[in-house]
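What follows is one structure encoded as structure tokens, with my remarks underneath.
We did not get these values from a lab; they are worked out from the coordinates using the rules stated. Here the structure is a predicted model, which means the values were calculated and not measured. Quick reminder, even Gly has a Cβ in these numbers, built from the backbone with ideal geometry, and neighbours come from all protein chains shown.
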Amino acid sequence: MKYGQFIATVRDMGEYQDREETERVTKAVLRVLGSRMTPQSADHLAAQLPPPLDQAVRDGADGRPDPFGIEEFYRRVGEATHGHYETAEWDAGAVLTTVARTVSGGELNHVLSQLPSGYAPLFGKNELTD
């Protein structure tokens, strides 16, 4: 998926007002996701995302992954977007469901296998993909 299509998909799913807001939220969610991943895993995911979104994932993965759960993920997304907890849930779902539609099934499985089970629904999945 190309960058413009990715952003348009997130914008439609998240019902954002404009492209600028969509881009800001998308990059914030991807940076928080990256912080949950090893740099190597972030690189693998980033390789399947369009620039500059690939860099947002890499920017988040600046060293050892931070093993936080889903509640902390939402808190960090809310902090990064200057939104509320409920808004963070919505934002994360819009972005990560689009990620799931963009990357290969193998890569999605790799990402989900590194995260606690509570993350899978954010990607529009209840478990690992086929």
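Some observations on this one:
Conditions tested, residue by residue: (1) in a helix (DSSP H, G or I); (2) surrounded by 14 or more Cβ atoms within 10 Å (Cβ to Cβ); (3) in contact with a strand residue (DSSP E or B) (Cβ under 9 Å, 6 or more places away or on another chain).
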| position | (1), (2), (3) |
| --- | --- |
| L33 | yes, yes, no |
| Q48 | no, yes, no |
| G63 | no, no, no |
| F68 | no, yes, no |
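- Selection of region 72-89 for residues being surrounded by fewer than 17 Cβ atoms within 10 Å (Cβ to Cβ) and more than 13 Å from L33 (Cα to Cα) yields E79, H82, H84, Y85, E86, T87.
- A residue that is polar (S, T, N, Q) and closer than 20 Å to A8 by Cα occurs nowhere in region 105-113.
- In region 17-31, the residues that are over 22 Å from A61 (Cβ atoms) form Cβ pairs under 7 Å with partners that are of a type in the set (F, W, Y) and not in a helix (DSSP H, G or I), at six or more places apart or across chains, as follows: T22/Y16.
- Residue identified as more than 23 Å from Y3 (Cα to Cα) and of a type in the set (A, V, I, L, M, F, W, C) among L45, L115, L96: L115
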